[in-house]
Amino acid sequence: MSVFQDIRAWEARVRSRYNKDLSTPENRRLNRIYNLWFDHEILRTVWTNFYQVAPGVYRSNHPTRKRLEQMKSAGIQTILNLRGANANGHYLAEEEYCRELQLNLHSIELYARSLVPRDRLIELIGLFRTLDRPFVMHCKSGADRAGLASAIYQLAIEGKPVSEARKMLSWRYMHIRNRQVGILDYLLEVYDARHQSSGLSFEDWVATEYDPAAICERFHKRLPPT
């Protein structure tokens, strides 16, 4: 095992010590430490990465309880969590906060360094059509998964061209295209190339042609999107 793998294994052990449910006072204390330091909530107390995507639709990094209270005061009743519903401390805390504040929490899992299956994108577009507005979508930092979801919203719901939608993945929102998260930008480029030749809408392309495995393979081989 390499030094890097040793460090990763040590970090995982430490994280698991604090990544607890909310069933006891001690677990709550550990959960709070996990969220503040391991999930980087300490940064999100001052940095929100909060922007409007479309009328009544916003993007953000993972909101703190205080920010959820502020969102409710501003009239927002619906939260779309792009990190998925799971047993991790950040989700359990958010679920409790939303329940206490009577906010409607919906969850779907997107990836920052890979692509989700077709049915997941279809589900996301369906959520966009049915969620009560105004709503806020968020991932952890609000940069990558929130950026892709915002681009998809603009394509599928607003009917915006790819040239506009791809601005949702930019430095402005702290999205830095690199060898891993660049797969999100590449997805839009693949669709754009197909749209240019066929006029196919994004939703129809997802339903009939979207192939995440093939797109990932071409991306990792550094092949052009066409």
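Okay, here's what the table says:
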read-out: Residue 5 vs. criteria out of contact with any helix residue (DSSP H, G or I) (no Cβ under 6 Å at 6 or more places or on another chain) and either under 30 Å from residue 133 (Cα atoms) or open to solvent by less than 20 Å² (accessible area, probe 1.4 Å) (or both); value: no
read-out: Subset of the stretch 108-125 [touching a residue at least 40 places away in the same chain (Cβ under 8 Å) and assigned to a helix (DSSP H, G or I)]; value: 118, 121, 122, 125
read-out: Residue check for residue 123: closer than 19 Å to residue 80 by Cα and either open to solvent by less than 10 Å² (accessible area, probe 1.4 Å) or at pLDDT 95 or above (or both); value: yes
read-out: Condition broken by residue 226, with the remaining ones in (1) hydroxyl-bearing (Ser, Thr, Tyr); (2) more than 27 Å from residue 55 (Cα to Cα); (3) modelled with pLDDT of 95 or more satisfied; value: (3)
read-out: Helices (runs of 4 or more DSSP H) fully within the stretch 126-203 counting 3 or more residues that are among the acidic types (Asp, Glu), without any contact (Cβ under 8 Å) to a residue 60 or more places away in the chain and open to solvent by 10 Å² or more (accessible area, probe 1.4 Å); value: 182-198
read-out: Selection within the stretch 204-215 - in a helix (DSSP H, G or I) and open to solvent by 20 Å² or more (accessible area, probe 1.4 Å); value: 204, 207, 208, 212, 213, 214
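The values are calculated or read from the model by the stated rules, or taken from the named source; none is laboratory data. All of these numbers come straight from a predicted model, not from anything done at the bench. Please note: Cβ atoms are built from the backbone with ideal geometry, for glycine as well, and neighbour counts cover all protein chains shown. Surface accessibility is based on the protein's heavy atoms, side chains included, excluding ligands, DNA and RNA. Shrake-Rupley method; radii C 1.70, N 1.55, O 1.52, S 1.80 Å.
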